[in-house]
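**Q** Please see the structure below; I have some questions.
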Amino acid sequence: MPELPTDKKDREFELIDRILSGYHEGFYELIAPYERRVFMTAYDILQVEADAEEVAQEAFLKAFRSLRSFRREAQFSTWLLRITVNEARMRLRKRREVSLDSVFANHEEAEYTPILLADWREIPAEAVLREETRRLLRECIAALPENYREIITLRDLNGLKNAETAEILGLSLGNAKVRLLRARVMLRDFFVERFHKKTRHRLSRKVTP
Amino acid sequence: MKFDCKHIWRELSNYLDGEIPPNVRRDVEAHVAQCRHCAALLDSTHNIIVLIADERRLELPAGFSARLRERLEKELATSRPD
């Protein structure tokens with residue numbers, strides 16, 4: 001999220017002060033600009049709308065309850081998104097008994113070699129416009145390991161800066177960049193693989209009577 | 001320093017984010033100019049990132065704000081932030 005102009009940030013901090021001194025109604029005003037972003041972040045991690053809504057509600061509740069612990073070195077939105085990501089992670093843990101994290105823990109250590117297809121082509125720009133392509137991309141994002149999906153969600157879907165993304169995920173800037181690189185190339189590989197499979201499939205259907 | 005393909009893969013993300021020292025950027029560009037695999041890799045990853053950023057996001061579910069308010073109302077009326 002772009003850095004808020006100082007006066008807007010000051011107004012936000014002022015509003016937080018008023019909420020903390022008893023004007024609880026002000027909380028609605030405080031969170032109104034972030035409702036969509038909180039929901040989307042939860043949705044991108046969880047991929048289920050009903051779960052995302054519940055997690056978003058939980059995140060806002062938790063934000064209210066722990067508002068006093070908000071340290072003002074960060075933007076309110078950064079803090080709020082960190083709560084959201086944590087709530088979404090907890091939901092994922094609940095959803096499956098065994099966390100997949102350990103399975104993927106070694107990804108970031110491994111040396112990356114990109115998929116090079118025999119019929120290599122870059123992803124054509126016009127493909128970007130097609131609905132089918134978008135659906136394919138959604139599938140690929142959903143197929144990413146959790147920690148990669150998180151960073152893609154924050155950095156590339158929400159457009160946050162690397163520093164803010166690192167802060168939300170509790171990573172050093174360097175580690176966040178490494179994870180982002182792995183996530184992007186894995187997403188690209190997934191996409192290239194599926195895209196070409198689809199294209200080949202279509203071609204073969206065309207030539208088969 | 002002469003760049004090989006592995007260097008490019010390592011610098012890919014930083015290059016696309018523009019977070020790369022000018023001399024490294026020059027090395028990447030020099031390599032990409034004569035390696036079509038890396039050029040394709042760079043282009044396709046760039047396209048993916050553009051595609052993600054441009055993704056038409058689903059809207060908030062109908063009634064989301066009202067339900068959120070309903071959930072928060074009780075909490076706001078009965079408890080205080082810690």
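**Q** Of the conditions (1) without any contact (Cβ under 8 Å) to a residue 24 or more places away in the chain; (2) more than 11 Å from chain B (Cβ to nearest Cβ), A:Ala163 satisfies every one except a single condition; which number is it?
**A** Result: A:Ala163 fails condition (2) only.
**Q** Answer yes if at least one residue in segment B:47-64 is charged (D, E, K, R) and assigned to a helix (DSSP H, G or I), and no otherwise. Walk me through how you get there before you give the answer.
**A** From segment B:47-64, those charged (D, E, K, R) are B:54-57, B:59; that's our starting set.
Retained after the next criterion (residues that are assigned to a helix (DSSP H, G or I)): none.
Checked against the condition, which is being charged (D, E, K, R) and assigned to a helix (DSSP H, G or I), segment B:47-64 yields no hits at all.
**Q** While we're here: Within segment B:39-56, is even one residue in contact (Cβ under 8 Å) with a residue 12 or more places away in the chain, surrounded by 16 or more Cβ atoms within 10 Å (Cβ to Cβ) and more than 10 Å from every other protein chain (Cβ to nearest Cβ)?
**A** No: zero hits.
**Q** Still on this model: Test B:Glu29 against the stated conditions and say whether it is part of a helix (DSSP H, G or I), within 30 Å of A:Gly22 (Cα to Cα) and more than 7 Å from chain A (Cβ to nearest Cβ).
**A** no
**Q** While we're on this one: For segment B:57-73, which positions are aliphatic (A, V, I, L, M) and at the interface with another protein chain (Cβ under 8 Å from one of its Cβ atoms)?
**A** So the first thing to find is which residues in segment B:57-73 are aliphatic (A, V, I, L, M), and the list is B:58, B:60, B:62, B:66, B:68, B:72.
Residues satisfying the conditions are B:Leu58, B:Leu60, B:Leu68, B:Leu72.
**Q** Do we find that B:Leu76 is at pLDDT 85 or above, closer than 22 Å to A:Asn162 by Cα and facing chain A (nearest Cβ under 7 Å) in this structure? Step through it out loud before you land on a result.
**A** Numbers: at pLDDT 85 or above: yes; closer than 22 Å to A:Asn162 by Cα: no; facing chain A (nearest Cβ under 7 Å): yes.
Against the criterion (at pLDDT 85 or above, closer than 22 Å to A:Asn162 by Cα and facing chain A (nearest Cβ under 7 Å)), B:Leu76 does not qualify.
**Q** Picking from B:Ala30, B:Ala62, which residue would you name as being touching a residue at least 24 places away in the same chain (Cβ under 8 Å) and exposed (fewer than 13 other Cβ atoms within 10 Å of the Cβ)?
**A** Only one candidate passes the filter, namely B:Ala30.
**Q** Could you tell me whether any residue of segment A:183-191 is more than 10 Å from chain B (Cβ to nearest Cβ) and assigned to a loop (DSSP other than H, G, I, E, B)?
**A** Checked segment A:183-191: no residue is more than 10 Å from chain B (Cβ to nearest Cβ) and assigned to a loop (DSSP other than H, G, I, E, B).
**Q** While we're looking at this one, here's another question. Scan segment A:35-79 for residues that are among the charged types (D, E, K, R) and over 22 Å from A:Ala163 (Cβ atoms) and jot them down.
**A** A:Glu35, A:Arg36, A:Glu49, A:Asp51, A:Glu53, A:Glu54, A:Glu58, A:Lys62, A:Arg65, A:Arg68, listed by residue number.
**Q** How many residues does segment A:63-78 contain that are under 15 Å from the mean Cα position of the chain (by Cα) and at pLDDT 95 or above?
**A** Residues meeting the conditions: 0.
**Q** Right, here's the next one. Tell me the helices (runs of 4 or more DSSP H) entirely within segment A:1-74 that contain at least 2 residues that are farther than 30 Å from A:Arg138 by Cβ and not assigned by TED's automatic domain parsing to the domain that holds A:Glu146. Give the steps one after another, and end with the answer.
**A** On the way: elements: A:6-20, A:26-31, A:35-46, A:49-65.
The helices (runs of 4 or more DSSP H) meeting that bar are A:6-20, A:26-31, A:49-65.
The values are calculated or read from the model by the stated rules, or taken from the named source; none is laboratory data. Please read these numbers as outputs of a predicted model, since none were measured by experiment. Neighbour counts run over all protein chains shown; Cβ positions are idealised from the backbone, glycine included.
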